[in-house]
1. Among the residues of segment 334-372, which ones are under 26 Å from residue 276 (Cα atoms) and open to solvent by 40 Å² or more (accessible area, probe 1.4 Å)?
2. What pairs come out if I take residues in segment 302-319 that are closer than 15 Å to residue 411 by Cα and modelled with pLDDT of 95 or more and pair them with residues that are open to solvent by 10 Å² or more (accessible area, probe 1.4 Å) and among the aliphatic types (A, V, I, L, M) whose C-beta lies under 6 Å away, six or more apart or interchain?
3. Given the criteria touching a Pro at 6+ places or on another chain (Cβ under 8 Å) and not in a helix (DSSP H, G or I), does residue 311 qualify?
4. State whether the residues of segment 199-222 include one that is open to solvent by less than 30 Å² (accessible area, probe 1.4 Å), of a type in the set (Phe, Trp, Tyr) and part of a strand (DSSP E or B).
5. Residues being in contact with a strand residue (DSSP E or B) (Cβ under 7 Å, 6 or more places away or on another chain) and either among the aromatic types (Phe, Trp, Tyr) or farther than 18 Å from residue 58 by Cβ (or both): count how many of those fall in segment 78-95.
6. Out of segment 136-167, which residues are open to solvent by less than 50 Å² (accessible area, probe 1.4 Å) and within 12 Å of residue 35 (Cβ to Cβ)?
7. Among the residues of segment 289-311, write down those that are charged (D, E, K, R), open to solvent by 40 Å² or more (accessible area, probe 1.4 Å) and under 26 Å from residue 407 (Cα atoms).
Amino acid sequence: MTAHDLPMVYRQHLQDIQRRADVALERGGYEHLVVPAGTSHYQVFDDRDYPYAVNPQFKAWLPLTATPGSWLVHTPGQRPRLLYLQPFDYWHAVPEAPRGYWVGEFDVTIIRTPEEALQHLPGNPARCAILGEPQSALGNYVPNNPSPVLAYLDYHRARKTGYEIEMMRLASAHGARAHRAAERAFRAGASEFGIHLAYCQAARQDANDLPYGNIVGLNEHAAVLHYTQRDRLPPQESRSFLIDAGASHAGYACDITRTYAADTSGAFQQLIDAVDAAEQRLCDAVRPGVDYRQIHLDAHLEIARILREQGIVDMAPESMVETGVSAKFFPHGIGHYIGLQVHDVGGFAQSDSGGTLDKPEGHPFLRLTRTLEPGAVVTIEPGLYFADLLMQELREGPHAGSVDWDKVEAFRPFGGVRIEDDVVCTEGAPVNLTREAFAVLG
């Protein structure tokens, strides 16, 4: 997509967002949709603020991620209005005047204080669906987050517009570039903290700009699913490296995981290659009409086959899944929706009126249970880990005799493997945004 195409694609996106908002307001019996961008929060007993995070319902409309105190107002049949806070402030950097491909689609009013927004918000707060956190309250405009409105908007956010997919494609480009830098740092002997810094520099994003905290694990730390400690000193020997790290673009996220072996000809590299091949087969299953829960169950079969082929567990793959043995090595879900949020909303929604689609029995950590449709963007992230706690549970369980514990001990110093891509469901073959981004880098 060229810069020339962006205004048209964004306009189509905004039209879709407005149509959804119109229906959501009708469902809830409201006349106006009012969305605060959010406010800065201060730490208790201190004058230091927490990192600001924009309201996702706000950035769904326009690519503003650093304008606390601003408001979005939508009234069916009218142009959307933006109340843009540009304060007089010599202590901090002030947001620049609104500009870019999106500005012409809004009636923009500059306000100089948060309270000035009260002069421009709809006259009767009771007729407004106000979506936001409690701290965003301003006078009588208190977020009410009505369930019928949120249920409709969250359900349909699963189907991304062309503009949104393009923003995620650009986020993936930032992420892939940074992942390459992280691998170089690993192979140069950097610490976990040093790798993290190399990643941020290559992504050109600070830790607070990233969509989630980087997971950077060397050696055994790769077995900790959300390892974020980041040792400052490198280990005596770097055997393996797992990095789960994303990047942002215009409020949209990418989520990428890669695993590397220091010895690219050893047994752990063979394990990485096996998981990578399985992951690509699972990515190919992202098709319209496919129940995402089935992809999760198929992922367990894939991991079970690897365990058997590698001689780690001597059981039929189906038996490993049925008995929960595979879950000791693959304890998390296969993935989730991604978009404005890393774990995007609506993953369990039965319909746009509410209701919940249950997770498969025995799989409590799956974050998405819906049937895929064109426009859905999901992560696919199978893993195979040698976590001490789970290995101990397996050793004490009824299937311990089927495990080659010498092989488990041999792999334990490497932690584990996870491979993750962001995949778009289309009318035909899926589009893998992550592999696309790496391919561009060569």
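The values are calculated or read from the model by the stated rules, or taken from the named source; none is laboratory data. Here the structure is a predicted model, which means the values were calculated and not measured. Quick reminder, even Gly has a Cβ in these numbers, built from the backbone with ideal geometry, and neighbours come from all protein chains shown. All accessible areas refer to the heavy atoms of the entire protein, side chains included, with ligands and DNA or RNA removed. Shrake-Rupley method; radii C 1.70, N 1.55, O 1.52, S 1.80 Å.
1. Taking segment 334-372 as the starting set, the residues that turn out to be under 26 Å from residue 276 (Cα atoms) are 334-339, 341-344, 347, 359-360, 362-372.
Scanning segment 334-372 gives 341, 343, 359, 362, 364, 365, 367, 371.
2. 306/274; 313/403
3. Working: touching a Pro at 6+ places or on another chain (Cβ under 8 Å): no; not in a helix (DSSP H, G or I): yes.
Considered against the rule, which asks whether it is touching a Pro at 6+ places or on another chain (Cβ under 8 Å) and not in a helix (DSSP H, G or I), residue 311 comes out as no.
4. So in segment 199-222, the residues open to solvent by less than 30 Å² (accessible area, probe 1.4 Å) come out as 199-200, 202-203, 205, 210, 214-219, 222.
Checking the rest, the ones that are also of a type in the set (Phe, Trp, Tyr) come to 199.
Still in the list and also part of a strand (DSSP E or B): none.
No, segment 199-222 has no match at all.
5. Residues of segment 78-95 that are in contact with a strand residue (DSSP E or B) (Cβ under 7 Å, 6 or more places away or on another chain), as a first pass: 79-86.
Still in the list and also either among the aromatic types (Phe, Trp, Tyr) or farther than 18 Å from residue 58 by Cβ (or both): 84.
Here the count works out to 1.
6. 136, 141, 143, 149, 150, 153 - these are the residues of segment 136-167 that are open to solvent by less than 50 Å² (accessible area, probe 1.4 Å) and within 12 Å of residue 35 (Cβ to Cβ).
7. Hits for segment 289-311 are 298, 305, 308, 309.
Residue-by-condition table, conditions (1) at pLDDT 95 or above; (2) touching a Gly at 6+ places or on another chain (Cβ under 8 Å):
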position	(1), (2)
20	yes, no
31	yes, no
35	yes, yes
51	no, no
58	yes, yes
61	yes, no
76	yes, no
